[in-house]
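Beneath this line is the structure, given in structure tokens, with notes to follow.
The values are calculated or read from the model by the stated rules, or taken from the named source; none is laboratory data. Model, not experiment: these values are computed from the prediction. Backbone-built Cβ (ideal geometry, glycine too); neighbour counts: all protein chains shown. These accessible areas exclude ligands, DNA and RNA; they are computed on the full protein's heavy atoms, side chains included. Shrake-Rupley method; radii C 1.70, N 1.55, O 1.52, S 1.80 Å.
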Amino acid sequence: GKSNTRLYEIWTDMKQRCLNPNQKTYKYYGGRGITICQEWINDFMSFLHVVLENDAKTMNRKLASTKRLFEYLDVNNMIFRNPTVNMEGARTEKRLPVHLTLKQSKQLLSNIINSDDRNKIRNYTITCIFLNCGLRLSELVGINLSNIKIDDSEQTVKILGKGNKERILYLDAAVCEA
């Protein structure tokens with residue numbers, strides 16, 4: 001695990017040199033005013049992020065693997081205590097979805113209709129559904145013709161989403177026309 005690595009030793013030694021007056025080398029570091037940034041004092045993962053230049057997702061994946069290993073060792077009485085019990089993962093930024101502007105959407109549909117592809121009507125219809133209904137690609141691929149109802153009483157499509165949850169979407173005029 002990380003607590004037995006060279007980087008962990010470097011981190012703990014650095015903390016001792018800078019923060020522990022009883023440490024022999026403290027007078028050369030902490031005694032001279034050399035300090036550790038507050039973020040690193042209690043957070044090995046923050047230190048590791050800077051040293052290895054890993055992004056937060058990579059660090060969290062490595063931490064999860066390390067935690068599972070130590071949990072296994074702890075449950076099977078192969079170690080005295082689990083050093084990863086209080087370790088927290090790095091904060092990850094939430095990514096905003098990328099979307100097309102109205103102009104880009106119209107251009108995409110125009111390019112499909114004006115293409116020489118023999119499947120352009122099919123492609124146009126699929127793209128219309130995808131753009132107007134806000135489906136995931138996996139949901140779009142899973143649509144069967146029997147799931148689409150377009151008549152005088154209703155214009156709907158039955159979607160099987162994440163976790164096998166069914167939902168019904170109402171289709172607008174542009175999708176029905178396609």
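The one condition from (1) in a helix (DSSP H, G or I); (2) surrounded by 12 or more Cβ atoms within 10 Å (Cβ to Cβ) that Ser138 does not meet is (2). Among the residues of segment 86-110, those identified as among the hydrophobic types (A, V, I, L, M, F, W, C) and at pLDDT below 80 are Met87, Ala90. In summary, Asp74 fulfils each of the numbered conditions (1) of a type in the set (Asp, Glu); (2) open to solvent by less than 70 Å² (accessible area, probe 1.4 Å); (3) assigned to a loop (DSSP other than H, G, I, E, B) with the single exception of condition (3). Considering the conditions (1) in a loop (DSSP other than H, G, I, E, B); (2) under 24 Å from the mean Cα position of the chain (by Cα), Arg118 is excluded by exactly one of them, (2). Sub-7 Å Cβ pairs linking a first residue in segment 78-96 that is among the charged types (D, E, K, R) to a second residue that is surrounded by 10 or more Cβ atoms within 10 Å (Cβ to Cβ), at least 6 apart or interchain, are Arg91/Ala56, ordered by first then second residue.
Does Val98 satisfy the criteria of being within 30 Å of Thr127 (Cβ to Cβ), open to solvent by 70 Å² or more (accessible area, probe 1.4 Å) and aliphatic (A, V, I, L, M)? So Val98 fits the description; yes. Anything in segment 14-51 that is loosely packed, with under 12 Cβ neighbours inside 10 Å and within 17 Å of Thr84 (Cβ to Cβ)? List them, or say none. Asn42, the sole residue that qualifies. Across segment 141-178, the number of residues qualifying as within 31 Å of the chain's Cα centre (by Cα) and open to solvent by 80 Å² or more (accessible area, probe 1.4 Å) comes to 11.
Is segment 111-128 home to any residue that is loosely packed, with under 12 Cβ neighbours inside 10 Å and aromatic (Phe, Trp, Tyr)? Among the residues of segment 111-128, not one is loosely packed, with under 12 Cβ neighbours inside 10 Å and aromatic (Phe, Trp, Tyr), which makes the answer no.
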